[in-house]
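The values are calculated or read from the model by the stated rules, or taken from the named source; none is laboratory data. It should be emphasised that the depicted structure is a prediction, and the values quoted were computed from it without experimental measurement. Quick reminder, even Gly has a Cβ in these numbers, built from the backbone with ideal geometry, and neighbours come from all protein chains shown. For accessibility, only protein heavy atoms count, side chains too; no ligands or nucleic acids. Shrake-Rupley method; radii C 1.70, N 1.55, O 1.52, S 1.80 Å.
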Amino acid sequence: IGAMQTYLVTLIVPMIGRDLDARSLFGVVTSTATASMFLTLPFGPALLRRWHPGRLLAWGTIAFSVGAGVSALAPQIIVFAGGRVISGLASGVLAAVSMSTVVSYLSPTWRQRVLASISAMWAIAALAGPSYGAFFTHLLGWRWALVLYLPVLWLARLVVIRNLGHRGVD
């Protein structure tokens, strides 16, 4: 669900550029989240040694949501990009923690299934993201499209966090 935002922003970048008077900054708009994600990816294992994965997933989801909200409310492109950086930094932590948790907590059979599902998720997000983006951007505008899916993301993350129990270091 979170991966949809990557495809969503790519789809709506012309509207963002028009509304925030930043047509010449398409590259900045589309790359800020991805570039910042790569800054935090390496920290996942170290964070897991210090905190429970449920706590990291909860805080990462909150940070991701704050970034999406900042971008949706942005009056200028610099604020929009700042929101994308926040979401990107959170995405890096979420991805690293998610993968590390799968490897650390699941049996080999389940690990293989979940890792295959994570790979398939990108294909699903590539189909769902633009469809969602086109529909809700047309219906409500790009700002709403950036945040409307967040309750579904929170619900999915809550299910994962509850199923992790109290394993690991807290």
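Worth pointing out:
- Loop sites in the stretch 78-131: chymotrypsin sites (Phe, Trp or Tyr not before Pro), DSSP, at most 12 other Cβ within 10 Å: none
- Estimated translational diffusion coefficient (Stokes-Einstein, Kirkwood radius over Cα pairs, 10 °C, 1.306 mPa s) of the chain: 96 µm² per second.
- Put a plus charge on the Cβ of each Lys and Arg, a minus charge on the Cβ of each Asp and Glu, and nothing anywhere else: the dipole of the chain about its Cα centre is then about 420 debye.
- Accessible area expressed per residue, the chain, with surrounding protein chains retained (probe 1.4 Å, Å²): 55 Å²
- Pairwise label distance in nanometres, Met15 with Val159, each label 7 Å out on the Cα-Cβ vector: 2.8 nm
- Highest-fluctuation residue, Ala22, Ala46, Ala35 considered, GNM on the chain with Cα pairs under 10 Å: Ala46
- Carbon plus sulfur fraction of accessible area for the stretch 105-158, probe 1.4 Å, in percent: 75 percent
- Helix-only arithmetic for the chain: the sum of -39500 (n - 2.57) across DSSP H runs with n ≥ 4, divided by the residue total, places the mean residue ellipticity at 222 nm at -28000 deg cm²/dmol.
- Rounded to the nearest 20, the Cβ-based charge dipole of the stretch 4-85 about its Cα centre (Lys and Arg +1, Asp and Glu -1) stands at 300 debye.
- Extension gain, Ser107 to Arg50: 0.36 nm times the residue separation minus the Cα-Cα distance gives 18.3 nm.
- Relative to the current alpha-carbon distance between Arg23 and Met121, full extension at 0.36 nm per residue lengthens the span by 32.2 nm.
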